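First up is the structure itself, then whatever we jot down about it.
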Amino acid sequence: MEQNTKFNFKKKVVRYSKIYGFGRTYVKIAGRLRKNPLPIRFPISILKKKKKNVAIIGCGQFAFATISYFLKHKFGDIIFGAFDVNESHSKGLVKYYKGKVFTDAESLIKNSNVSYVYIASNHATHTDYAIKALNENKIVYVEKPISVTKNQLNDLILAAKGKQIFVGYNRPFSPAIQTIKPFLEQVKKRKPLSLNCFITGHKIPKDHWYRNFDEGTRVCGNIGHWLDLSIHLLAAIGLPSYLTVSIHASSKKEKDDNLNITLVSDREDIISIMLSSREEPFEGINETINLQHAHTIAKIDDFRRLTIWNRETLIKKRYFRKDAGHKNAILQPFNKKGMVRNFDEVIVSTQLMLEITEAIRSDRNEFVFNIN
Ligand SMILES: NC(=O)c1ccc[n+]([C@@H]2O[C@H](COP(=O)([O-])OP(=O)(O)OC[C@H]3O[C@@H](n4cnc5c(N)ncnc54)[C@H](O)[C@@H]3O)[C@@H](O)[C@H]2O)c1
């Protein structure tokens, strides 16, 4: 058994390096081994000397191996301070990324050295931290979901007025989606969109915090990504007035997992999202996205390959280093003239996500979602 685990670990490192590159794989391992720090701090960034003005709230695996990785990769050691309710997590993060540990979030947010606040804590706390940081006029990046209740969302919308807030829904920032979008946008008279997303997700244990009632179900934890992508693609061709939402779960005991969500609009768009998580996928999450819109047909194979057909045009791309858009999503606060997401779209996708969450909890399989 012991040998088998080691063998699997080695295979996983090799396989992840082929998918994400060696540097990112190294940092993913470093994130897991924080108590026994690895000797080299990848990515190496000796010449990059930007002001240390970033705060990290919630120092789990995503903050360590993705958010902080891409910040260091681009700017060097710009993390000023970090807070986590589990101090060993914040200590491990600042040791690797050369910042200070804070024992409460408020003093970190209020610190005058801090201009940017990145929030990657548990889902139920995102809104509260984001509002605190917005009220201090900090530039806020909040991981998905932005809110897990309608009250939270309404409070956040008010707090975000006239402020700078960026959200961690990354798929719209992937090169695959960026390549497809102009084909959709160039069609003058609105045509309906057909979109299908099949996701093999992580198998999340019953006692994992994602499953706590207050954290908003797996719909808020995961499916929000493809609901948000759907709204983003619909917005590219013109949002419909409403969506008829149908939900089919394979089990009555676990209604937010192994399920299919279908959205049909008043403009004849049809979208199907299936999440399957029967066993843990060895290479992590895997997704296949297919769409047709007017003369465009597109297939995204796990953000590693893209094919687009448009009449006689054929585009084929391979992405060595799977690119689901994390880097560009994370760098939004620094990228004011470049790729930045329209917050109004995220509000619509969050409203849809929260309606689906409520429907699943109250055993409703079908309802109409109005888009204002
Ligand atoms: N965009 C993506 O593709 C993507 C992928 C994975 C995770 N995420 C998001 O990143 C966030 C963190 O996920 P993770 O995978 O790193 O989980 P994780 O469990 O590794 O980390 C969560 C961290 O939050 C800390 N925490 C818990 N309660 C807190 C509180 N009240 N205040 C501050 N910190 C608190 C925990 O101690 C832990 O260190 C989640 O919002 C998750 O949805 C996004």
Among 232, 295, 326, which one shows the highest mean-square fluctuation when the chain is modelled as a Gaussian network with alpha-carbon springs under 10 Å? 295
If we count other beta carbons within 10 Å of each Cβ, what is the order of 88, 276, 68, 194, fewest first? 88, 194, 276, 68
At most 13 other Cβ atoms within 10 Å and a DSSP loop assignment: could you name the trypsin sites (Lys or Arg not before Pro) in the range 194-293 that fit? 203, 206, 252, 253, 278
Once normalised by the length of the chain, the mean sequence separation of its alpha carbon contacts under 8 Å that are 6 or more apart gives a contact order in percent of 16 percent
Quick one: order 274, 353, 339 by neighbouring beta-carbon count within 10 Å, fewest to most. 339, 274, 353
Checking the a/c ratio against 1.5 first, then a/b against b/c, what shape does the Cα gyration tensor give for the range 113-206? prolate
Where in the chain is the longest stretch that carries no chymotrypsin sites (Phe, Trp or Tyr not before Pro) classed as loop by DSSP and with at most 16 other Cβ atoms within 10 Å? 1-281
Quick calc of log₁₀ I(q)/I(0), the chain, Debye, one scatterer on every Cα, no solvent, q values 0.06, 0.09, 0.14, 0.15 1/Å, result -0.23, -0.52, -1.31, -1.49
How about the range 322-372: which GluC sites (Glu not before Pro) there are in a DSSP loop, with at most 12 other Cβ atoms within 10 Å of their Cβ? none
Would you be so kind as to identify which of 293, 360, 81 lies farthest towards the positive end of the dipole of the chain, taking Lys and Arg as +1 and Asp and Glu as -1 on Cβ and the Cα centre as origin? 81
For the chain, take the longest principal axis of its alpha carbons; what is the angle in degrees between that and the long axis of helix 175-185, to the nearest 10 within 0 to 90? 30 degrees
Just in the range 276-306: which GluC sites (Glu not before Pro) are loop by DSSP and have at most 16 other Cβ atoms within 10 Å? 279, 283
Which one of 205, 172, 182 has the biggest mean-square fluctuation once the chain is modelled by GNM with Cα springs under 10 Å? 205
Which whole number in µm²/s is D for the range 121-271 by Stokes-Einstein, with the Kirkwood Rh taken over Cα pairs at 10 °C and 1.306 mPa s? 92 µm²/s
Report, ordered by chain and residue number, the aspartates and glutamates lying within cross-link reach of residue 52, taken as a straight Cα distance under 15 Å and ignoring same-chain residues fewer than 8 apart. 77
0 to 90° range, to nearest 10: angle between helix 150-160 axis and the chain longest Cα axis: 70 degrees
Return the single residue from 119, 139, 157 with maximal mean-square fluctuation; model: Gaussian network over the chain, springs between Cα atoms under 10 Å. 157
Exposure proxy check: 128, 214 ranked by fewest other beta carbons within 10 Å? 214, 128
Where a Cα-Cα gap under 20 Å defines reach, which aspartates and glutamates qualify for residue 188, not counting those fewer than 8 residues away within the same chain? 266, 268, 269, 312
What number does the range 58-188 give for Rg over Rh if you use C-alpha atoms and the Kirkwood radius? 1.02
Mind pulling up the Rg/Rh value for the range 1-118? Radius of gyration and Kirkwood radius, both on Cα. 1.02
Nearest 10 degrees, 0 to 90: helix 224-237 Cα axis against the chain principal axis: 60 degrees
With respect to the cross-link table entries 28/50; 28/322; 161/337; 51/161, which display a Cα-Cα separation exceeding 18 Å? 28/50; 161/337; 51/161
Contour excess over end-to-end distance, with Cα ends at residue 370 and residue 104 and 0.36 nm allotted per residue: 91.8 nm
Percent breakdown of C-alpha pair distances by 10 Å bin, ordered from the shortest bin, for the range 171-370: 8, 34, 38, 18, 2, 0
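All of the numbers you see were taken from the coordinates with simple rules; none came from a lab. Predicted model only: the values in this text are computed from it and were never measured. With ideal geometry, Cβ positions are generated from the backbone for all residues, glycine too; neighbour counts draw on all protein chains shown.
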